[in-house]
Amino acid sequence: MTGDIFSENHEVEYYETNLLGNMTLSMLTDVIIMISQDQATALGVGTQYVIEHGVTWVVAQTDMDITRLPRVHEKVQVQTRGSSYTKYFAYREFWVRDMDGNELVHVGSLWVMMDIQSRKMVKLDEAMVIPYHCDRVRRIQRLNKIPKIHDEHDIMQTEYHVRFTDIDWNSHVNNAKYIGWMVDVLPYDFLASHVPTEVSIKYEDEVTYGDPVLSRGKFINTDNQIQTVHDISVNGSTKSIAEVKWKKLDKKGSK
């Protein structure tokens, strides 16, 4: 796949990290979304341009492969490119690297274009895609299939109420909020002793101001992998699902 790579440097601030000193998944999501917006602006097809055409980009799914999460005060290079697209979908990649060029995180993501008024998916406007110099393909890159919670046994759950500060200019909950709500249901001792290695999250529908949100999570038994599955729902309607794979920190507390 072709496409021009856009890069920015970023220094991880203390408020972007957790008690382990690692960048949180929510902040990592914020940073990669920000660089995609910066690339669009640099190419002349930024937020204001798409709004003037009555549409907006919406991320449908992200798959993260995490070698190591960025650390507090660490300087990293964040990269992105539009890799390919079809009539209705676009595939964008992100990388986070240390300053020696070593890959810390890779993210594959699927995007659609939504009509601002109808809130419905529409065909991609090629004028907004061509500047990325990416390939038009017959079939988009396949992303991970995310399992759903079926067994109600041993489910962990927490309720939230969507605040004004949870929504963005699209009038729906910012994408970074979802993964924060999801992992927040897991026990403190688990989160303090494990780090994510793979995160797949699918955004199925919007969550808006005032919605009563239910976040659920469940541990999945596998032979050699610690996994959790998650969902976000509003009044019984599923809005997002996710799967996270974890590894336990060593006895020295290696991050």
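Observations, loosely collected:
- The residue of the stretch 103-134 that is farthest from Glu206 (Cα to Cα), among those that are without any contact (Cβ under 8 Å) to a residue 12 or more places away in the chain and not charged (D, E, K, R), is Ile130.
- Residue that is nearest to the chain's Cα centre (by Cα) [pool: residues in the stretch 65-78 that are buried (at least 19 other Cβ atoms within 10 Å of the Cβ) and not in a loop (DSSP other than H, G, I, E, B)]: Ile66
- In the stretch 1-38, residue surrounded by the most Cβ atoms within 10 Å (Cβ to Cβ) [restricted to those that are aliphatic (A, V, I, L, M) and over 23 Å from Thr56 (Cα atoms)]: Met23
- The set of residues in the stretch 31-53 that are in a helix (DSSP H, G or I) and β-branched (Val, Ile, Thr) comprises Val31, Ile32, Ile33, Ile35, Thr41, Thr47, Val50, Ile51.
- Residue that is surrounded by the fewest Cβ atoms within 10 Å (Cβ to Cβ) [pool: residues in the stretch 98-132 that are of a type in the set (D, E, K, R) and closer than 28 Å to Glu52 by Cβ]: Lys120
- Matching residues in the stretch 188-214 - criterion: being closer than 18 Å to Val58 by Cα, in contact (Cβ under 8 Å) with a residue 40 or more places away in the chain and outside any strand (DSSP E or B): Glu206, Val207, Thr208, Tyr209
- The residues of the stretch 94-140 that are within 23 Å of the chain's Cα centre (by Cα), in a loop (DSSP other than H, G, I, E, B) and either in the same structural domain as Glu243 (by TED's automatic domain parsing) or β-branched (Val, Ile, Thr) (or both), listed by number, are Ile116, Val129, Ile140.
- Criterion violated by Ile149 - all others in (1) in contact (Cβ under 8 Å) with a residue 40 or more places away in the chain; (2) exposed (fewer than 13 other Cβ atoms within 10 Å of the Cβ); (3) part of a loop (DSSP other than H, G, I, E, B) satisfied: (2)
- Every condition in (1) in contact with an Asp or Glu (Cβ under 9 Å, 6 or more places away or on another chain); (2) surrounded by fewer than 18 Cβ atoms within 10 Å (Cβ to Cβ); (3) in a strand (DSSP E or B); (4) outside the structural domain of Gln61 (by TED's automatic domain parsing) holds for Gln157 except the one numbered (1).
- The listed residue being at pLDDT 95 or above and under 30 Å from Arg136 (Cβ atoms), out of Val12, Val78, Val72: Val78
- Some residue of the stretch 80-90 being in contact with a Leu (Cβ under 7 Å, 6 or more places away or on another chain), without any contact (Cβ under 8 Å) to a residue 60 or more places away in the chain, surrounded by fewer than 18 Cβ atoms within 10 Å (Cβ to Cβ) and more than 20 Å from Ala176 (Cα to Cα): yes
- Within the stretch 54-64, the only residue that satisfies the criterion of being in contact with a Phe, Trp or Tyr (Cβ under 6 Å, 6 or more places away or on another chain) and either without any contact (Cβ under 8 Å) to a residue 60 or more places away in the chain or crowded, with 20+ Cβ neighbours inside 10 Å (or both) is Trp57.
- Screening the candidates Tyr209, Tyr160, Tyr203 for the property of being over 30 Å from Thr41 (Cβ atoms) and of a type in the set (Phe, Trp, Tyr) yields one hit, Tyr160.
The values are calculated or read from the model by the stated rules, or taken from the named source; none is laboratory data. Everything numeric here is computed off the predicted structure, so don't read it as measured data. Every residue, glycine among them, receives a Cβ derived from its backbone with ideal geometry; neighbour counts consider all protein chains shown.
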